[in-house]
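Just below is one structure, and these are the notes that go with it.
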Amino acid sequence: MKSPIELLSIIHGADYEIDLSAFPEPEPVFAYCDDVGSMVKIHSGLLEAGKRTIKNQPDYMWLEGPRECLLLKASLECRDGDKATFRSLGIGEFCLEIYHIDQNKIPSLLRQDDFCFK
């Protein structure tokens with residue numbers, strides 16, 4: 001099965017596309033975290049929706065213990081179709097995780113990556 005989140009480019013940073021049609025809710029919520037500040041630039045289809053700590057995840061490279069995540073909500077108002085795109089603003093050597101937060105507020109890991117942008 002194809003992942004609903006795809007790395008589109010690393011030319012200017014890690015650009016991701018989320019296939020929103022893969023999720024049952026009309027406005028799915030995602031959690032983004034990395035070990036260098038968890039900042040993103042939204043290109044389309046998403047709004048920042050606060051922060052959340054995700055606990056009880058296994059360590060992944062430099063992400064250890066509870067994850068301090070930025071929440072991204074797919075908004076019907078800013079969507080243009082079934083795709084949403086954003087860029088990680090991490091620089092240097094870092095790793096990241098992207099989660100889907102389901103309707104019961106349960107996180108499921110969609111993607112882990114590591115990069116070195118200097």
- Message: Given the criterion modelled with pLDDT under 90, under 14 Å from the mean Cα position of the chain (by Cα) and at negative phi, identify the matching residue among D34, D19.
- Response: D34
- Among the residues of segment 1-17, write down those that are open to solvent by less than 70 Å² (accessible area, probe 1.4 Å) and within 14 Å of L96 (Cβ to Cβ). I5, L7, G13, A14, D15, Y16
- Which of the following residues is β-branched (V, I, T) and closer than 13 Å to I5 by Cα: I18, I54, I91? I18
- Message: I'd like to verify a number: residues in segment 22-31 that are within 14 Å of the chain's Cα centre (by Cα) and open to solvent by 50 Å² or more (accessible area, probe 1.4 Å), how many?
- Response: 0
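The values are calculated or read from the model by the stated rules, or taken from the named source; none is laboratory data. The model shown is predicted, which means the values in this text are computed figures rather than measured ones. As a convention, Cβ positions derive from the backbone with ideal geometry for all residues, glycine included, and neighbour counts pool all protein chains shown. All accessible areas refer to the heavy atoms of the entire protein, side chains included, with ligands and DNA or RNA removed. Shrake-Rupley method; radii C 1.70, N 1.55, O 1.52, S 1.80 Å.
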